Amino acid sequence: MVDLNGQYQAIKEQVNSSINNILETSAFINGSDVKEFQKELEAYLGVKHVIPCANGTDALQIAMMGLGLQPGDEVITADFTFAATVEVIALLQLTPVLVDVDPDTFNIDIAAVEKAITPKTKAIVPVHLFGQCANMEALLALGKKHDIFIVEDNAQAIGANYTYADGRKQKAGTIGDVGSTSFFPSKNLGCYGDGGAIFTNNDELAHVLRGIVNHGMYVRYHHDVVGVNSRLDSIQAAVLRAKLPHLDAYCDARRTAARKYSKAFENQKHIVVPKTVNGCKGICDTCDCHVFHQYTLKITNGKRDALAEHLTKKGIPFGIYYPIPLHLQKAYLDDRYKEENFSVTNQLVKEVISLPMHTELDDEQISYITTTVLEFVNN
Ligand SMILES: *Cc1c(COP(=O)(O)O)cnc(C)c1O
């Protein structure tokens, strides 16, 4: 699914020399690379504050802690996402409210969000699934109208641009009140272990968050709030510093591969290729709204699982993201959920299949993969 070694070979010298430097100086925690990476990422994203932390799940949890949400507050998020999103809501004793998603973009459905808002709703967590932003303009309007925080789970869309109706662009994760990301190795900007970060343009919130990641400490050994221990270590920061200057090129490589896949699958009756909606129509050459963390097809003739088996036989990796809607997971069952309100997610879990997607895909691989898929579907 990913080729981390191929990418490493291209940046090996810089990565090895900066890791070596850390080994020689023993500045494993809070070394200069962490601070430098923070500044470089702030500049890249055009955001005032980046707060590095230990992983993307922590980032989301800390973001919600920083907003001062209280037990019993309701937090609306998507039914079709990785469990981390709903897990941290539950861990903080907030009440998760799962809603359906849009069938074209796989992102949170705005009408469903609006229906789910109650006087207890304090936050909405859109997940920019597979590399493309949710409809942020509509969510910002809802947030403003009902006085609700918007927390972006940007683990899958770092580097993506969101385009407003007036043409203005802003980087994914920097649009809501606060955003989070993950630097897990297979993410679009991945380190060589665990890592994450929180983004905000709010100075006061940034100050609060910097304390929370460090045991609730603002003055050494004075613990003003209950915090956590969540750090990005120096070695991971050094890897990320080596990769960040290439992030736009990595995104381009993914888009190029996506375009080739979609070209091969165009006009197929039983295959639906990913749709890009924000600010562009189709996967155009200049489009920067989708960074294809995953390239996800819908197989509409009921043969998704059979295709998966066929790919396994042909030695092609694939992913089913995600096989079970969150509202049907044992940990998150809730009597208030009605099946008819999750018709899109319930269908998507049966139809989606993600093909190999990374920065090192070559034409030969893409051609082998697309030929194998088409052979099966047309048989
Ligand atoms: C990967 C991911 C996370 C969690 O990131 P970790 O660094 O693995 O904790 C959260 N949300 C989404 C949507 C993700 O894809």
Which of SER26, SER180 comes first, and how do the rest follow, when ranked by fewest Cβ neighbours within 10 Å?
SER26, SER180
What are the residues whose amide H is under 5 Å from the amide H of CYS53, where those residues sit 5 or more places off or on another chain and H is modelled from the backbone?
GLY196, ALA197, ILE198, LEU232
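Using Cα pairs closer than 8 Å and at least 6 residues apart in sequence, work out the relative contact order for the range 1-97, in percent. Intermediate results must be reported in sequence, preceding the final value.
On the way: 53 pairs, mean separation 18.4, N = 97.
Result for the range 1-97 is 19 percent.
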For GLN170 paired with LYS350, estimate the spin-label separation in nm (one decimal), with each label point 7 Å from Cα along the Cα-to-Cβ line.
3.9 nm
Quick check for me: using +1 on Lys/Arg Cβ and -1 on Asp/Glu Cβ, what's the dipole size of the range 109-169 about its Cα centre, in debye to the nearest 20?
160 debye
Given points 7 Å out from each Cα along the Cα-Cβ axis, report the LYS144 to ASP3 separation in nanometres with one decimal.
4.5 nm
Report the gain in length on full extension from LYS35 to HIS207: 0.36 nm times residue separation, minus Cα-Cα distance, nm rounded to one decimal.
60.4 nm
Explain nothing, just the number: relative contact order of the chain, from Cα pairs under 8 Å at least 6 residues apart, as a whole percent.
21 percent
Give the shape of the chain as rounded, prolate or oblate, defined through the alpha-carbon gyration tensor: a ≥ b ≥ c are the square roots of its eigenvalues, a/c under 1.5 means rounded, and otherwise the shape is prolate if a/b is larger than b/c and oblate if not.
oblate
May I ask what percent, to the nearest 5, of DSSP beta bridges between residues of the chain are antiparallel?
60 percent
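Report, in listed order, any pair from LYS115/LYS338; LYS12/LYS39; LYS269/LYS298 with a Cα-Cα distance greater than 18 Å.
On the way: LYS115/LYS338 13 Å; LYS12/LYS39 23 Å; LYS269/LYS298 11 Å.
As for pairs spanning more than 18 Å Cα to Cα, those are LYS12/LYS39.
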Positive-end residue of GLN70, ALA27, ALA84, charge dipole of the chain with Cβ unit charges:
ALA84
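In debye, nearest 20, what is the charge dipole magnitude of the range 14-77 about its Cα centre with +1 on Lys and Arg Cβ and -1 on Asp and Glu Cβ, if you could check?
For the range 14-77, the charge dipole is close to 120 debye.
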May I ask you to derive the relative contact order of the range 106-207, considering only C-alpha pairs under 8 Å and at least 6 residues apart, and to give it as an integer percent?
20 percent
How large is the charge dipole for the chain, taken about the Cα centre, if only the Cβ atoms of Lys, Arg (+1) and Asp, Glu (-1) carry charge, to the nearest 20 debye?
280 debye
Which loop-located trypsin sites (Lys or Arg not before Pro) does the range 93-193 contain, where loop means any DSSP state but H, G, I, E or B and the Cβ has at most 11 other Cβ atoms within 10 Å?
ARG168
Extension gain from ASN229 to LYS263, taking 0.36 nm per residue of separation minus the Cα-Cα distance
7.6 nm
Mind giving me the nanometre distance, one decimal, between the label points for GLU339 and HIS246, set 7 Å out from Cα along Cα→Cβ?
4.8 nm
Most positive-pole-ward Cα, LEU244, HIS310, PHE292, against dipole of the range 212-351 from beta carbon charges
HIS310
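No lab work stands behind these numbers, since they all come straight from the coordinates. Note that the coordinates shown come from a computational prediction; the quantities given were computed from them, not determined experimentally. In this analysis, Cβ positions are derived from the backbone assuming ideal geometry, glycine residues included, and neighbour counts consider all displayed protein chains.
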